[in-house]
1. In square nanometres and to one decimal, what's the mean projected area of the convex hull around the Cα atoms of segment A:28-122?
2. Could I get the Rg over Rh figure for segment A:62-110? Both from C-alpha atoms, Rh via Kirkwood, rounded to two places.
3. Among A:79, A:106, A:69, whose Cα projects farthest towards the positive end of the dipole of segment A:28-122, with charges put on the beta-carbon of Lys, Arg (+1) and Asp, Glu (-1)?
4. Give me the dipole magnitude in Debye, nearest 20, for segment A:110-175 about the Cα centre, with unit charges on the beta carbon: positive for Lys and Arg, negative for Asp and Glu.
5. Mind ranking A:65, A:230, A:144 by accessible surface for me, highest first, 1.4 Å probe?
6. Taking the Cα atoms of segment A:95-160, report the difference between the largest and smallest coordinate on each principal axis, in whole Å and largest first.
7. Work out the FRET efficiency for residue A:84 and residue A:216 from their Cβ-Cβ distance, taking R0 = 41 Å, and round it to the nearest 0.05.
8. Go ahead and run the numbers for FRET between residue B:78 and residue A:55, Cβ-Cβ distance against an R0 of 35 Å, rounding to 0.05.
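The values are calculated or read from the model by the stated rules, or taken from the named source; none is laboratory data. Quantities reported herein were computed from a predicted structural model and do not represent experimental measurements. Backbone-built Cβ (ideal geometry, glycine too); neighbour counts: all protein chains shown. Each accessible area value is taken on the protein alone, full model and side chains, heavy atoms only, with ligands, DNA and RNA left out. Shrake-Rupley method; radii C 1.70, N 1.55, O 1.52, S 1.80 Å.
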Amino acid sequence: MKKVFALFVTVVLLSSVFALEAFADNHGSDEAMVRIAHASPDAPAVDVYVNGEAVVEGAAFKDATDYLNLPAGDHEVAIYPADANGEGDPVISTTLTIEAGMAYTVAAVGMLENLALEVATDSMEVSDGMTKVRVGHLSPDAPTVDVGLIGGDALFSGASFPAITDYQELEAGTYDLEIRTEDGTQVLDLSGTTLEANTVYSVFAVNTADNLEAWVLTDYTAMPSEMPQTGMGGAQSGMNTMLMTGLGAMLAGVLLAGFAFNRRRSHQS
Amino acid sequence: MLILASVDNESAETVSSVSSEAESTSGIQVEKVPLTSQDEEPEEESLSPEAGTPKHIRIPAIKVNAPVIATDLDENNEMIVPDNGEEVAWFEPGREPGSQGNAVLAGHVDDYNGPAVFFDLEKLQPGDEIEITDENDVTMTFVVDKLEAYPLGEAPLREVFGPEDDRKMNLLTCTGLYNASAGTHEERLVVYTTLQQ
């Protein structure tokens, strides 16, 4: 009995090794993720070109793209007015250097006449059950601010345009936050901000100081490294295909034997 | 691992009919509920409304009526799926169905003997309804947007599991041929749905 069981275990382990080798996800290893955020209050809708190709059309203030997968290396990012069809001079362009496996936010910041591209490195991980957040001061004329608990400590101190802070990892939950000047005067009430577990956020303070608002982007939520294995093969009549695959034939046979054995046991119990 | 667990479980349970109606599934007790609810504190303007832990799924169009269990990531960072063909797994590190974002449920297309709970998932059509009942006995209805099948390793994980502004729920199962040497089906089916408002 023990022997059959041990053999069974071996088969299962072997087949999972094969599964990994046969289906290893090999794209993505040389790529980086890039998203582009329009945080310029008075800039028109824009098209974003990467290496001369339009990747986003008609992005308006407070629009952010999904992450684009781009090969690691240098890329020419250019922003055109949406009505220019990519012709003429871009409003702004920059060379973006990205590393494999990293994620980036490229934010168009400032008023149109001083438009700049601010690049930040995004986090794609968070400790189990925790939440992670950073803030960006993307309001061109707002003063230096702290972000903290109302009546409590600052979580982020001394952020001035166009800074994007490092992330802080916190307990998940709902926080009564505020944006305040360094002397403690509240400039934006963020009471009841819920930060979910296993999630990474960027909270950007955008628009002009008179109309300051918080723009929350979700950078990451928990996800597995691949799609789950949701089948065991029992509904497939083509048992022959299994048996033809060399080593697979042997494994499958033993597997079936082991299974039949266990089935019998289960009927007795 | 998966296979061993399944066998052990079979000896304890005798439920075998998969697409049977309420009588058979309602008797099954959900045992594993390793959940910590974060939603106790009063919320003023939270990013998502109160959405409870999903407990049951009904898909009238394909006669699915099954318990939902919460599962986590394993040590290889893969989503744990039920060790049987009757239950549906909810990806607990992600979102609850009904909250903002992508909630994910996964069920087997078949077990070792034959069809399992999501065997007919591929027959769903846009507009079909899916009912999720949560721990507070609140039932939410989701409507199928589209079905997509992806070769193994090519599914857009971020689209399925990642951040999302709407209240979405995605159902996963296997499809395509079963590759015995790899021990898995060659494709993954995703049914994308959105909460009915």
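1. So the Cα hull casts an average projection of 5.3 nm².
2. 0.98
3. Farthest along the dipole direction, towards plus: A:106.
4. Dipole magnitude for segment A:110-175 comes out near 100 debye.
5. Heavy-atom accessible area, descending, gives A:144, A:65, A:230.
6. 41, 35, 13
7. 0.85
8. According to the calculation, E is roughly 0.65.
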